[in-house]
Structures are given as structure tokens and as C-alpha cells.
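The values are calculated or read from the model by the stated rules, or taken from the named source; none is laboratory data. Worth saying up front: this structure is predicted, and the values here are computed from it rather than measured. Because the Cβ atoms are built from the backbone with ideal geometry, glycine has one as well, and the counts that use them run over all protein chains shown. Heavy atoms of the whole protein, side chains included, go into the accessibility calculation; ligands, DNA and RNA do not. Shrake-Rupley method; radii C 1.70, N 1.55, O 1.52, S 1.80 Å.
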Amino acid sequence: MLKAKNFRLEAWEKLRGKWGTFALIAFIHSLIMGVCGALTYIYVGEIITLLVGGPFALGLAMIALNVVRTRKVEVNQLFSGFREFGKAFIVNLLNSILIVLWTLLLIIPGIIKSFSYSMSYYILADEPTLTATEIRHHSIELMRGNKWRLFCLEVSFIGWWILCILTLGILSFWIIPYQQSAIAAFYQSLLPKVEATTPQVETGQAEG
């Protein structure tokens with residue numbers, strides 16, 4: 001069974017030639033979300049963040065899948081998630097509500113559910129015809145017995161994030177592509193365990 005180091009290695013290798021582009025994407029995404037956060041002071045930030053959070057998360061998932069599937073990565077792909085704005089918004093809204101409700105019971109159930117729903121945007125990228133509920137259920141099935149493995153993968157980046165503090169956050173623009181691509185590789189490894197899916201990510205021409 002593949003471990004965290006295998007997914008990190010795959011992401012590292014497949015990011016060759018794409019680091020700069022993905023780092024720029026991470027910078028633009030962070031800048032946009034930072035502006036949305038700043039707007040909280042005039043009481044519209046939360047609404048804007050809720051509206052764009054899902055589509056941007058979907059765009060990042062699409063880009064990460066393009067990396068692990070050795071396809072072209074471009075800055076404008078960050079906004080690809082807005083082509084499925086309604087569904088991405090609903091997935092984000094419903095998952096967030098359910099995670100909050102589970103967290104109100106106890107912290108641990110909320111964390112577990114966040115891992116259960118964690119593959120939602122990758123599934124939406126591959127199967128945009130599914131409903132938000134079907135996407136969530138599909139994610140739950142994919143993550144059955146795999147939540148601990150994803151947790152270990154996430155934890156394996158702690159050292160990088162500690163190092164990021166020493167760079168005043170600048171290193172985050174390279175850590176985000178690395179981590180996102182590793183999680184996409186993790187998702188890709190789960191696909192044979194369920195019914196085959198047909199990739200439908202907007203990718204442009206395949207490289208190589």
C-alpha cells in the first residue's frame with residue numbers, strides 16, 4: 001500500500017517544469033482570498049468567501065489533477081471551477097454545514113467528516129454530472145478505510161509549514177502546489193477501488 005512518502009515523491013517529480021506556474025497560481029489564489037478576508041471589516045467578506053470558496057477549491061483540484069496526470073498547467077485554470085459555479089458552491093456549502101454540525105457534537109467527529117468529504121472537488125472535477133449529494137457519498141466511499149492514510153499525508157507536510165514560518169510565508173506558494181499535487185496523487189490511487197470514472201478535467205493538450 002502506498003504511503004505518504006510515495007505521494008510526495010510522485011508530486012515532486014510531476015511538478016518538474018510546473019513549479020513556477022503553480023506557485024504563481026497559489027499566490028494569486030492567496031491574494032484573492034486575502035482580499036476577501038479583508039472585506040470582512042465591511043461585512044461582505046464572509047459572503048464573498050462563501051461564494052467563491054467552492055469554485056476556487058475546484059479550480060485548484062483541477063490543476064493538481066493536471067499535474068499528476070502530466071497535463072498542461074496554466075494560470076487561467078484557477079478560474080476553471082467557475083464553469084461549475086453552482087455545483088461547486090453547493091458542495092462547499094453543504095460540506096461546510098455538515099462538518100460544523102458534526103463538530104458541534106465533538107471535535108473528533110468533525111475532523112473525521114472533513115476527511116470523509118475531502119475528495120469532493122476531485123470527484124466533481126472528474127464527474128461534473130453528479131449531484132452534490134452524490135459527490136459527497138462518492139467521497140465517503142473513496143475514503144472508507146483511507147482517512148488515516150490521508151491524515152498521515154497531511155501531517156507529513158508539517159515540517160515544510162514550520163520552515164514556511166521562517167520565510168515569513170513566502171515558501172507557502174511552493175508548499176501549496178506540493179501538497180495539493182500529493183493529495184491529488186492520493187485521490188488518483190483510490191480510483192481503482194470504485195467504479196471507473198472518466199476524467200473530464202479541462203486540461204488543454206497533454207504534455208510529452
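Tabulated data for the structure shown
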| read-out | value |
| --- | --- |
| For L168: the one exception among (1) modelled with pLDDT under 95; (2) part of a helix (DSSP H, G or I) | (2) |
| Whichever residue in the stretch 3-55 is outside any helix (DSSP H, G or I) and modelled with pLDDT under 85 and, among such residues, is surrounded by the fewest Cβ atoms within 10 Å (Cβ to Cβ) | Y43 |
| Residue list for the stretch 164-190, restricted to those being open to solvent by 80 Å² or more (accessible area, probe 1.4 Å) and over 17 Å from the mean Cα position of the chain (by Cα) | I165, L166, L168, I170 |
| M62, sole failed condition from (1) touching a Lys or Arg at 6+ places or on another chain (Cβ under 6 Å); (2) not in a loop (DSSP other than H, G, I, E, B) | (1) |
| Boolean, T70 is within 25 Å of Y187 (Cα to Cα) and open to solvent by 50 Å² or more (accessible area, probe 1.4 Å) | yes |
| Test: residue in the stretch 145-152 that is more than 15 Å from the chain's Cα centre (by Cα), in contact (Cβ under 8 Å) with a residue 60 or more places away in the chain, assigned to a helix (DSSP H, G or I) and on the phi < 0 side of the Ramachandran plot | yes |
| The listed residue being open to solvent by 70 Å² or more (accessible area, probe 1.4 Å) and assigned to a helix (DSSP H, G or I), out of N95, N76 | N76 |
| F115 closer than 22 Å to I183 by Cα, open to solvent by 40 Å² or more (accessible area, probe 1.4 Å) and not β-branched (V, I, T) | no |
| Residue in the stretch 124-134 that is among the hydrophobic types (A, V, I, L, M, F, W, C), open to solvent by less than 30 Å² (accessible area, probe 1.4 Å) and under 28 Å from W174 (Cβ atoms) present | yes |
| Test for F186: is it assigned to a helix (DSSP H, G or I) and more than 16 Å from E10 (Cβ to Cβ) | no |
